[in-house]
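Scroll down for the structure; my scribbles are underneath it.
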Amino acid sequence: MNSSNHPTLPLTSFWNDTGKCGVSAWVFSTDHKRIGLLYLYSVLISFLVAVLIGLLLKIELMAPGRTIMGPVTYNALFTVHGVLMIFLFIIPGFPGVFGNLVMPIQIGASDVAFPRLNLLSWWLYITGALTIVLSLFTGGGPPDTGWTFYVPFSVRTGTNVSLAVIGVFIVGFSSILTGINFVTTIHRLRADGMAWGRLPLFVWSIYATAWIQILATPVLGITLLLVVAERLLGTGLFDPSRGGDPIMFQHLFWIYSHPAVYIMILPGMGIVSEIFPVFARKPIFGYKMIAFSSLAIAGAGSLVWAHHMFTSGISDMAVLVFSFLTFVVAIPSAIKVFNWVSTLYKGSISLEAPMLFALSFIMLFSIGGLTGLVQGAAATNIHIHDTQFVVGHFHYVIFGGAGFAFFSAMHYWLPKFFGRTYSEKPAMISWGLMFAGFNLTYFPMIILGMKGMPRRYYDYLPEFAPLNLISTIGSWILAAGLAIMMINLFMGLLKGRPFGSNPWGGATLEWTTPSPPPTENFDEEPVVTHGPYDFNRAGVP
Amino acid sequence: MDPIIQTTNQAVDPVFKFIIGICILLFIVISTVMLVFTFRYHRSRSPKPTSVADGNIWLEILWTFIPTLLVMAMFYYGWAGYLALRNVPGNALEVTATARMWSWSFSYPNAKTSRKMYVPAGRPILVNLVSQDVIHGFYIPAFRVKRDVVPGMKNHVWFIAPQKGSYDLFCSVYCGTEHSKMLATVEAVSEQEFNDWLNQVESHHEKISGRKLLETLGCLGCHSLDGTAGVGPTFKGLWGSKQIVLTNGKERSVIVDEEYVRRSILDPKADIVKGYQPIMPVNSDLRENEIEELVEFIQEIGGHSK
């Protein structure tokens, strides 16, 4: 952690103005910005490890038969890839990193409502993460169940499922506490004049996300404890020969895990809603519809979980209801896309790194969303369920959508907190490589699924070979872009040119305070007199 | 309900065309508009924004209403196709597919069993799905049908093979180490050929050889006959050899003999050979003479020779 004085930076910022530095001043800090950066480093480590595992998986799938590893290793690695990416990167990533760094400043608060609870959340995250890491190297070795932990396989397997799900359980508590903290903060700590109608759309999206974290995560906790009880005590809850039901596990699991994909994507939508107006110099189109659709997605998204189970043997009536509700959720997402695109109309658009990532978010998220329609329809779902199509769709939504939004936010907001910024050219090159590599990696999966290749497949028939090879080559281009992006970003943040208080010309409150901000965020308490995208009245036309 | 029996492909493929067609159209419209705006209103061509419009209620109504119509149409067609997949035609031939880690077995009304799924082309087939261990998935991409095989649950699926030929059958639900090897073939043959095959009864007196049993039971998915490393120990050179096994978590050494092989077949978790996972399923449905055959065969091919 770099807490040394930069000669060109303001001498008083949260990096040094408390006079506290060293490791303990960070890991025991209750400053939301320091906690946000702790989250940044921790989730990025999980992300990069999971990326490396993903690359190994793609190399294994480069050709039929054994390439670099056996099936036991492959199955463990795809499980660990999923667990790290989902439970340790993308779910805690947005609230933990950008929710912490940006949200309190955007509402004009000096910190979150419960700063010490916030620190506890990070510690729970780290405890859970270390428990998961421990599970890989102890007992029967890394779990080989897939991140979904489906019973009865997860109860039978000799691998270290119990410890891994306890780790996920602990991380879940971190998520619940963050949700409670953020809802309270947004309700209670808004600055004078920060009416609900003036909340930045990122704050709206974090607000909707926080409610899902509070309401849905406890269900996951209970489900995972039941798996542990099943394994250790033999309770028989999911065992049909003893009156249990394996399908009940799937219901419980998806009651959390479907809303969880909205924890992953809603903040990304909020970020895009911040970036489009700033880089098009125009107020966001349809503020109320975008804010409302976040809440609608959070609400309706909690009622669609069984669309993961159309082939499982649930009743036809259940298929009818859940297919219908799934299509209902598609509508608010479509409304958002139309409003974002309309924001560009008659604007003055500059294509800097955050905007490039945000524009590609629209395209990749659209492919993700539209392929979701193919899965929402009952008849077509039957053919593509549990195939590579689902893997492609999911990566388009979560990597192309949430991931690209995360990268966009890294380029947009991190310089604010480091006071220094990256070089534009390598950022654009890395974006180009990532966009091309991404489509090469994941589009072939959509076609492979249509052709019938199941997912979680260590080996495959020769007819699937050419598309798998293209996908593997794509993953190398994607990884190269990612490496350039990370190196450029962090070199710039630590050693780059200074970043002024408002170089992008944003009208939200975080741009009214110095870069990096002081510990209390604002030199004097802000009073809000205009909306979040009213550039004229903010004096940044 | 529907007097004209359609194939499962005919129930699903038009829905695919409808939805994917609309999706491609929507994607082209959204990306084109976005790219045109980005180009036309790029700062080099549009140095200042020429509008401060921040919403339009009629546009919002329009782009709420049209997608709602589109997705409701998709929902309806999807549901109609799904119903066809669920309504089993009355004259369907019943076959039971039994899944286990990691093999399929198919049994017919006359108790004949087979590793390949023979079906008469053009005739509806009703498949009852039985799992002996974890959840598997019965998936024939060529016929667009899939149904999970859940232990303790009565699931079924039906299809028609429109033409004679061989079709792939996959396991679609991840089920452990050899999930991707859990394949079977659907052989669609003429009605005549099918009936000949079905009635060609293997004599009960004729002993089923040990090798055949290993194949049909799926043992060879994990245990090789030629010394190749697999998920389980190879049978080659096994008989009479000394093995280190874990019994109730304690290491001990055993000489592979009839007693040991029998125990390993009937109660696989009793002794786990060191370095292997305790994942072998229990074989409680074997008959005594089949166990004898298996032991004999393992002894035969596994003669410990140095």
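The values are calculated or read from the model by the stated rules, or taken from the named source; none is laboratory data. Small disclaimer: the values here were computed from a predicted structure and weren't measured. Note that each Cβ is placed from the backbone with ideal geometry, even for glycine, and that neighbours are counted across all protein chains shown.
A:Trp147 satisfies every condition listed in (1) within 14 Å of another protein chain (Cβ to nearest Cβ); (2) within 21 Å of the chain's Cα centre (by Cα); (3) buried (at least 23 other Cβ atoms within 10 Å of the Cβ) except (3).
Here B:Tyr118 meets each of (1) within 30 Å of B:Val282 (Cα to Cα); (2) more than 14 Å from chain A (Cβ to nearest Cβ); (3) surrounded by fewer than 18 Cβ atoms within 10 Å (Cβ to Cβ) with one exception, condition (3).
Counting the residues of the stretch A:269-289 that are farther than 18 Å from B:Arg43 by Cβ and either at the interface with another protein chain (Cβ under 10 Å from one of its Cβ atoms) or in contact with a strand residue (DSSP E or B) (Cβ under 9 Å, 6 or more places away or on another chain) (or both) gives 6. Please enumerate the residues belonging to the stretch A:68-85 that are of a type in the set (Val, Ile, Thr) and either modelled with pLDDT of 95 or more or crowded, with 21+ Cβ neighbours inside 10 Å (or both). Within the stretch A:68-85, A:Thr79, A:Val80, A:Val83 qualify. When the criteria are applied in full, A:Ser110 fails the requirement of being crowded, with 24+ Cβ neighbours inside 10 Å, among the polar types (S, T, N, Q) and either over 22 Å from the mean Cα position of the chain (by Cα) or not in a helix (DSSP H, G or I) (or both). The condition of being touching an Asp or Glu at 6+ places or on another chain (Cβ under 8 Å), on the phi < 0 side of the Ramachandran plot and hydrophobic (A, V, I, L, M, F, W, C) does not hold for A:Leu220.
The sole residue among A:Ala409, A:Ala479 that is away from every other protein chain (no Cβ under 14 Å), closer than 26 Å to A:Ala76 by Cβ and touching a residue at least 40 places away in the same chain (Cβ under 8 Å) is A:Ala479. So, in the stretch A:454-463, of the ones that are in contact (Cβ under 8 Å) with a residue 24 or more places away in the chain and not in a loop (DSSP other than H, G, I, E, B), which residue ends up farthest from the other protein chains (Cβ to nearest Cβ)? Among those that are in contact (Cβ under 8 Å) with a residue 24 or more places away in the chain and not in a loop (DSSP other than H, G, I, E, B), it is A:Pro462. Can you name the residue in the stretch A:308-333 that is surrounded by 23 or more Cβ atoms within 10 Å (Cβ to Cβ) and touching a Phe, Trp or Tyr at 6+ places or on another chain (Cβ under 7 Å) and, of all such residues, is farthest from A:Gly368 (Cα to Cα)? This residue is A:Val319. Of all residues assigned to the stretch B:122-136, at least one qualifies as being surrounded by 18 or more Cβ atoms within 10 Å (Cβ to Cβ), under 24 Å from B:Glu193 (Cα atoms), away from chain A (no Cβ under 14 Å) and touching a strand residue (DSSP E or B) at 6+ places or on another chain (Cβ under 9 Å). Test B:Leu85 against the criterion of being in a helix (DSSP H, G or I), within 14 Å of chain A (Cβ to nearest Cβ) and surrounded by fewer than 20 Cβ atoms within 10 Å (Cβ to Cβ), and give yes or no. The answer is no for B:Leu85.
Among the residues of the stretch B:19-52, the ones that are farther than 14 Å from A:Val337 by Cβ, out of contact with any strand residue (DSSP E or B) (no Cβ under 8 Å at 6 or more places or on another chain), of a type outside the set (Lys, Arg) and facing chain A (nearest Cβ under 7 Å) come to 7 in all. Only a single criterion out of (1) within 14 Å of chain A (Cβ to nearest Cβ); (2) assigned to a loop (DSSP other than H, G, I, E, B); (3) modelled with pLDDT of 85 or more is not satisfied by B:Gly230, namely (3). Out of A:Ile290, A:Ile271, one residue alone is aliphatic (A, V, I, L, M) and in contact with a Lys or Arg (Cβ under 8 Å, 6 or more places away or on another chain). It is A:Ile290. Could we say that A:Ala63 is outside any helix (DSSP H, G or I), more than 21 Å from the chain's Cα centre (by Cα) and among the small types (Gly, Ala, Ser) here? Considered against the rule, which asks whether it is outside any helix (DSSP H, G or I), more than 21 Å from the chain's Cα centre (by Cα) and among the small types (Gly, Ala, Ser), A:Ala63 comes out as yes. Listed by position, the helices (runs of 4 or more DSSP H) inside the stretch A:352-453 whose residues that are among the β-branched types (Val, Ile, Thr) number at least 1 are A:353-376, A:378-384, A:388-395, A:424-451. Quick check: anything in the stretch A:494-517 part of a helix (DSSP H, G or I), among the basic types (Lys, Arg) and within 14 Å of chain B (Cβ to nearest Cβ)? Checked the stretch A:494-517: no residue is part of a helix (DSSP H, G or I), among the basic types (Lys, Arg) and within 14 Å of chain B (Cβ to nearest Cβ). Restricting to the stretch B:44-80, what's the tally of residues that are of a type in the set (Asp, Glu) and in a loop (DSSP other than H, G, I, E, B)? Count: 1.
Residue count for the stretch A:150-176 under the criterion of being surrounded by 21 or more Cβ atoms within 10 Å (Cβ to Cβ), hydrophobic (A, V, I, L, M, F, W, C) and in contact (Cβ under 8 Å) with a residue 60 or more places away in the chain: the result is 7.
The set of residues in the stretch A:7-53 that are part of a helix (DSSP H, G or I), modelled with pLDDT under 95 and among the aliphatic types (A, V, I, L, M) comprises A:Val23, A:Ala25, A:Val27.
A quick yes/no check of all residues on (1) in contact with a Phe, Trp or Tyr (Cβ under 7 Å, 6 or more places away or on another chain); (2) surrounded by fewer than 22 Cβ atoms within 10 Å (Cβ to Cβ):
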residue	(1), (2)
A:Ala377	yes, no
A:Thr387	no, no
A:Val397	yes, no
A:Phe404	yes, no
A:Phe417	no, no
A:Ser423	no, yes
A:Pro426	no, yes
A:Ser430	no, no
A:Met434	no, no
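When each of B:Val245, B:Val186, B:Val157 is tested for being in contact (Cβ under 8 Å) with a residue 12 or more places away in the chain, more than 14 Å from chain A (Cβ to nearest Cβ) and part of a strand (DSSP E or B), the lone residue that passes is B:Val245. Scanning the stretch B:54-82 for residues that are small (Gly, Ala, Ser) and more than 7 Å from chain A (Cβ to nearest Cβ) yields B:Ala73, B:Ala80.
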